[in-house]
Amino acid sequence: MHAHRFKCIVTALCLTVGFSLPGYAQQTPLDDLFQELSTADESTAARIERQIITQWENSGSPAMDLLLRRGKDALEDGAPEVAVEHFTALIDHAPDFAEGYYGRASAYYFLGKIGPALDDVRQVLALNPRHFEAMRGLALIMEELERPEDALEVYEMVLAINPNAREALDAVDRLELQLEGQAL
């Protein structure tokens, strides 16, 4: 049921601009890492997450990787406006590279631009449906929009990918208590 509602959320976001989720037909090293992640213990899971993120951040182009690094550095330096510029340039040159959209979604979020952030999260998940970081961001936004049921389901999808994701585990516990209290 939770998987179905999450798919509905992502599909609805995708359909608003006419995109659909891509299929994954063959096993890749990234698939192997996701398989390991699903059965890893907590200490190993963190290492595997980092390996997955490292693969996601490799565009295959040194120039695009530089734009990604500059955008991330701008975010770390507290300059989300500058980060948006770098990530937008990255998206313009590599529109199929999900990390550009993920970075820009983060920058928009820090600027309080929830609509554009959600649009970029939608694009990340259209390009990379297993992007657990984008899912976490979507869940956080759902919470801020006072949609705890949707947030809970997205966090549960994160846990389906990584059962040891501490932030998601804590959020599920907190949201279940909140929703249980609302039902009384």
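The values are calculated or read from the model by the stated rules, or taken from the named source; none is laboratory data. The shown structure was predicted, so the numbers you read here are calculated from the model rather than taken from an experiment. Using ideal geometry, Cβ is built from the backbone for each residue, glycine included, and neighbour counts are taken over all protein chains shown. We work out accessible area using only protein heavy atoms, side chains counted, and drop any ligands, DNA or RNA first. Shrake-Rupley method; radii C 1.70, N 1.55, O 1.52, S 1.80 Å.
General observations
- The fraction of all Cα pairs in segment 67-184 landing in successive 10 Å bins from 0 to the largest distance is 15, 40, 31, 11, 2, 0, given as whole percents.
- Taking segment 74-181 and dividing mean pair separation by its residue count, relative contact order in percent (alpha carbons under 8 Å, at least six apart): 16 percent
- Segment residue 61-residue 43, length gained on full extension (0.36 nm per residue, minus Cα span): 3.3 nm
- The calculated FRET efficiency for the pair residue 53 and residue 28, based on their C-beta separation and a Förster distance of 25 Å, comes to about 0.95.
- Set of segment 121-159 residues, backbone N closer than 17 Å to the point 7 Å along the Cα-Cβ line of residue 88: 121
- When only alpha carbons are used to place a centre, segment 63-131 and segment 147-184 end up 25 Å from one another.
- Applying 1/(1 + (r/R0)^6) with r as the Cβ-Cβ distance of residue 114 and residue 81 and R0 = 22 angstrom yields a FRET efficiency of 0.85.
- Net lengthening on full extension, residue 182/residue 145 (0.36 nm per residue, minus Cα-Cα): 11.7 nm
- Counting heavy atoms of the protein chains alone, residue 97 has an accessible area of about 20 Å² for a 1.4 Å probe.
- A Förster radius of 25 Å combined with the Cβ-Cβ distance from residue 36 to residue 170 puts the calculated FRET efficiency at roughly 0.65.
- Area of residue 121 that stays accessible when all protein chains are in place (1.4 Å probe, Å², to 10): 10 Å²
- Normalised contact order of segment 44-134, rounded percent, pairs of Cα under 8 Å and 6 or more residues apart: 21 percent
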